[in-house]
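These notes are about the structure you will find just below.
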Amino acid sequence: MEICPGVWQVKADEALMKELDGWRAQARLLQFTFERPLAEAYGADLISPGSYRLDTILNLIRRQGLLSRAHIPHLLFHEPSIRKRVLSSFQGERAYVLTSSLEFGQYLQLELSAAARGLQKKESLHTVVVNLSSGEVLKFAFPFHLLHPGGVESTLIRKRRCSLKRAYLQAAAYLSHLYAQQDQSWALEALDKLALEEAKLESFYQGQTSSPELTAKRRELQNRLQPVLAITILRGALLYIPLFRYRLVVVDQSGRERTRTVSYDPIANLCALD
Amino acid sequence: MLPLFPENTKLWPKQDHPQILQEFPCENFQVQVLAAGFKQLMGELRAGRYDTWDWYQLAKRADELVTTHGQAPGLLALQHLKERWEQVGVVPYQHQIRTAERVIHELHGQAILADEVGLGKTIEAGLILKEYMLRGLVKKVLILTPANLVWQWYSELYEKFGIAAGIQRTQWDWEFADVLIASVDTAKREPHCSIITGIVYDLLIVDEAHKLKNSSTASYRLVNSIQKKYCLMLTATPVQNDLKELYNLIGLIKPGQLGSSRSFKSRFMEDKRTPKNPAELRKLLSEVMIRNRRQDGQVTLTERIVHPVVVTLTPKEQEIYNRVTEFIKARGKRSGVSNLLPLITLQREVCSSFLATALTLEKLMAGLSPPELEQAALLLKDLAEVKQNSKCDALERLVAQFSDKAIIFTEYRASQEYIRYRLERAGYKTLAFDGSLSRGKKQWVRHLFQKEAQFLVSTESGGEGLNFQFCNLVVNFDLPWNPMRLEQRIGRVHRLGQTRDVHIYNLITKGTVEEHIMYLLHRKINMFESIIGELDAILLHLNLAKSFESEVMRIFLEHETAEEIQAHLDKLAQRILSGRAQLKASAWEGLL
């Protein structure tokens, strides 16, 4: 609550305070402000870039939400249209629905940090979604606005065919590919500098090419100047996407009948034969 | 002897590197897919710990806030430290900001910070450290300093940069603390040096780096063998007597920057003090060294205003003073100049307080011959009988004019106690500050002085590096003979951050050796007002750093009349002034 203009107060219980300030902290009323004069007048914690309280709050928040889950409710989609779309996918053949059911396919949403380290470091955040059925990285925009918090009934979840490790590596490969297509002056600058410094180092250790000291100094140089794209996961979420599953009778032009099971993924807009 | 890169040295041990799940080349760079976040994610998944979607979204926002997206041209630290600096009263100078920017953007974290004394090298190093930490480039940091500066580094980093560093106390500290401050003398000893050389540091900071000028010392070998990504060396005197010192220092930061040892000699050294190809050498040095000078006008310190307060002794006090001086001269002539220290102490104490003199004389009596002993005993008896202290009377009259806080310096504990007794009796609130206090207590006394007491009576002129910029009055109850100590005293209050002119009151007892000391320090070398921050370099250059007091004592012992003494003090002053001129004009000064 705002106890006076510009100063807010919140009651923090012991558990929260311990998370914020360490094991000795106790429950207390926290007061916040964004202005220094108010902080001094009320003894409130100042929230500004680099302030202790802002840092502790950000650190606490960043320790949360490492793994979450969300789903897209199947009711958001118009099933008759989907059925029509599935049936029309058999060109030159007639198809009839025997039974229909609902499953949820799994997608992995990864929040990745990519740090391009050359002479300087440039860090960027990326959200990459991997289809855990196909192992492919989604190249199109995922409709995050359709997501609803929480999971779905476990019996409805289709088993994933791609391990999470593979999904992570796929996402990393995708990001590397993106970086490879972009301006690489950061890496080239670093490589030039590395070559220059290595030449200087060689001149310093003339005739001692196998000395451990030279090896160590080379390592130091590489550690400092070798251009590296370091990718790491900050957090991830499992996304459950409804798959409309149909058991069909398909009649070809010669009148031969066969049964097929088809799943339709409304996110990828793809029909797949099971 | 410290092993230099033994074959079994752990190079870049795996545990210090972020664990890598997969590494592969891609175009012009290497891709490292790190394992830490993935492991955490899998841990949560296996435990079935799903957080709410709201927390997930909030944490994503927090990630965005703390991520340093680009290589901003300026310094992130300036924005982060703005509030803190306003609170603790730090105003960064432009040259400090420019230096930090250059080190990060142009020198890529490998630099010698060679600013002249008093321009804030520690602030520059702290700023660079903070910036690297904010950019996520530095985590494991080692700061090597002389033992007496460890605490100063700790408090500067904490107060001014919000960096909670550890102070090395045990051999286990090396591995566990992310930012560790340690004495270089401890670090070079076993088992410490073996541990340190097995750790990979992101940043190594070496203060007073001129102590590494000799490549055959253990300190040099230690610093050379520490595995580091970035390295900062801090020194005001990167070269003192030989250009090779500079070569050695740069070899620690960037081996090969000045070529091999042989090529450096042939390309850049006429002789050990005269550089060859100065323009080329200057260019190479500028790629690794930054030197800001006071004369560049980047820093303007407030004025130092000196007020001599002449104290006239009572006839009884003067008589005792003369007898003690005669005793000292007689003993000095007998024992020769080799054993001057106790006599120097006695001669200085007699100008401070008779109580302090009596205590030292008592200690001295153990080694005296029977006739001397008799003389000393008589002196001791007379010293005990003197009830008046004209200097303390003068001090009381002086401080009665003060409406602000003042630091009163004395060299002696006995004088310190007596001054406090007199001032407390007069109704003033005083605090004692001396070398026997622990680091924490010193901080506490400083805090109390700032908040409550009016006078701090201190025997500690430099030492732990506590700064008192909130105070601008200094009283020298007695004068140290070594100008370095005097400079350290004044330097406690007259430094960056002092916003008011500093008034220095020197109590000089008329007709004593103090008059001569004042003549030398104030009138001849004008050290109160002009030689700020240069003195250590001058005395080192003249090899007077440790022998200055003996030199002065020798003059007093060997000459009787005031004129003779003054003439010799003039010569000493001339030596100092010409040493200063030589340093200014030295061939390498133009290089730096």
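The values are calculated or read from the model by the stated rules, or taken from the named source; none is laboratory data. Bear in mind the structure is a predicted one, so any value in this text is a computation, not a measurement. Ideal geometry is used to build each Cβ from the backbone, glycine not excepted, and the neighbour counts take in all protein chains shown. Accessible surface areas use protein heavy atoms only, side chains included; no ligands, DNA or RNA. Shrake-Rupley method; radii C 1.70, N 1.55, O 1.52, S 1.80 Å.
For segment A:236-271, residues that are free of Cβ contacts under 8 Å to residues at least 12 places away in the same chain and more than 18 Å from A:F140 (Cα to Cα) total 5. Residues in segment A:104-155 that are under 15 Å from A:D265 (Cβ atoms), part of a strand (DSSP E or B) and either open to solvent by 40 Å² or more (accessible area, probe 1.4 Å) or of a type in the set (S, T, N, Q) (or both): A:Q106, A:N131.
Can you name the residue in segment B:61-73 that is open to solvent by 40 Å² or more (accessible area, probe 1.4 Å) and part of a helix (DSSP H, G or I) and is also nearest to B:Y132 (Cα to Cα) among such residues? Once the filter is applied, the top-ranked residue is B:V66.
The set of residues in segment B:31-50 that are open to solvent by 50 Å² or more (accessible area, probe 1.4 Å), within 19 Å of A:L112 (Cβ to Cβ) and either more than 48 Å from the chain's Cα centre (by Cα) or within 7 Å of chain A (Cβ to nearest Cβ) (or both) comprises B:A36, B:Q40. Evaluated against (1) in a helix (DSSP H, G or I); (2) modelled with pLDDT of 90 or more, A:G65 falls short on exactly one condition, (1). State yes or no: is B:V350 of a type outside the set (S, T, Y) and within 32 Å of the chain's Cα centre (by Cα)? Considered against the rule, which asks whether it is of a type outside the set (S, T, Y) and within 32 Å of the chain's Cα centre (by Cα), B:V350 comes out as yes. Please indicate, with yes or no, whether at least one residue in segment A:73-89 is free of Cβ contacts under 8 Å to residues at least 12 places away in the same chain, open to solvent by less than 40 Å² (accessible area, probe 1.4 Å) and within 14 Å of chain B (Cβ to nearest Cβ). No, segment A:73-89 contains no residue that is free of Cβ contacts under 8 Å to residues at least 12 places away in the same chain, open to solvent by less than 40 Å² (accessible area, probe 1.4 Å) and within 14 Å of chain B (Cβ to nearest Cβ). Here segment B:74-96 is the region considered, the condition is being open to solvent by less than 10 Å² (accessible area, probe 1.4 Å) and either in contact with a helix residue (DSSP H, G or I) (Cβ under 6 Å, 6 or more places away or on another chain) or at the interface with another protein chain (Cβ under 8 Å from one of its Cβ atoms) (or both), and the residue that is farthest from B:T235 (Cα to Cα) is B:L81. With respect to B:P370, determine if the residue is more than 28 Å from B:R422 (Cα to Cα) and open to solvent by 40 Å² or more (accessible area, probe 1.4 Å). When the stated conditions are applied, B:P370 passes them. All told, A:R219 falls short of being of a type in the set (K, R) and within 32 Å of the chain's Cα centre (by Cα).
So B:L157 clears everything in (1) in contact with a Leu (Cβ under 8 Å, 6 or more places away or on another chain); (2) closer than 19 Å to B:K441 by Cα; (3) open to solvent by 30 Å² or more (accessible area, probe 1.4 Å) except one condition, right? Which one? Status for B:L157: all satisfied but (3).
Are any residues in segment B:210-267 within 11 Å of another protein chain (Cβ to nearest Cβ) and part of a loop (DSSP other than H, G, I, E, B), and if so, which ones? Passing the criteria: B:I226, B:K254, B:P255, B:G256, B:Q257, B:L258, B:G259, B:S260. In the set A:Q181, A:Q226, A:Q206, A:Q170, only one residue is at pLDDT below 90 and within 11 Å of chain B (Cβ to nearest Cβ); that residue is A:Q206. Could you list, in sequence order, all residues of segment B:370-416 that are polar (S, T, N, Q) and either modelled with pLDDT of 90 or more or assigned to a helix (DSSP H, G or I) (or both)? Passing the criteria: B:Q375, B:S390, B:Q401, B:T410, B:S415, B:Q416. With B:D115, B:D54 as the choices, which residue is acidic (D, E) and crowded, with 21+ Cβ neighbours inside 10 Å? It is B:D115. If I filter segment A:161-183 for residues that are more than 21 Å from the chain's Cα centre (by Cα) and not in a strand (DSSP E or B), do I get at least one hit? Yes; the residues of segment A:161-183 include at least one that is more than 21 Å from the chain's Cα centre (by Cα) and not in a strand (DSSP E or B).
Contact map, segment B:177-188: first residue in contact (Cβ under 8 Å) with a residue 60 or more places away in the chain and at negative phi, second residue open to solvent by less than 20 Å² (accessible area, probe 1.4 Å) and small (G, A, S), Cβ cut-off under 9 Å, separation 6 or more or different chains; pairs are B:K188/B:S219. For segment B:230-241, state whether one or more residues are over 25 Å from the mean Cα position of the chain (by Cα) and either open to solvent by 10 Å² or more (accessible area, probe 1.4 Å) or on the phi < 0 side of the Ramachandran plot (or both). So far as segment B:230-241 goes, no, none of its residues is over 25 Å from the mean Cα position of the chain (by Cα) and either open to solvent by 10 Å² or more (accessible area, probe 1.4 Å) or on the phi < 0 side of the Ramachandran plot (or both). Within segment B:97-112, the residues that satisfy the criterion of being buried (at least 21 other Cβ atoms within 10 Å of the Cβ) and without any contact (Cβ under 8 Å) to a residue 40 or more places away in the chain are B:A100, B:I104. Out of all the residues in segment B:394-414, which are of a type outside the set (F, W, Y) and either in contact (Cβ under 8 Å) with a residue 60 or more places away in the chain or surrounded by 21 or more Cβ atoms within 10 Å (Cβ to Cβ) (or both)? Matches in segment B:394-414: B:A394, B:L395, B:L398, B:V399, B:D404, B:K405, B:A406, B:I407, B:I408, B:T410, B:E411, B:A414.
For segment A:46-71, a residue qualifies if it is β-branched (V, I, T) and more than 8 Å from chain B (Cβ to nearest Cβ), and the qualifying residues are A:I47, A:T56, A:I57.
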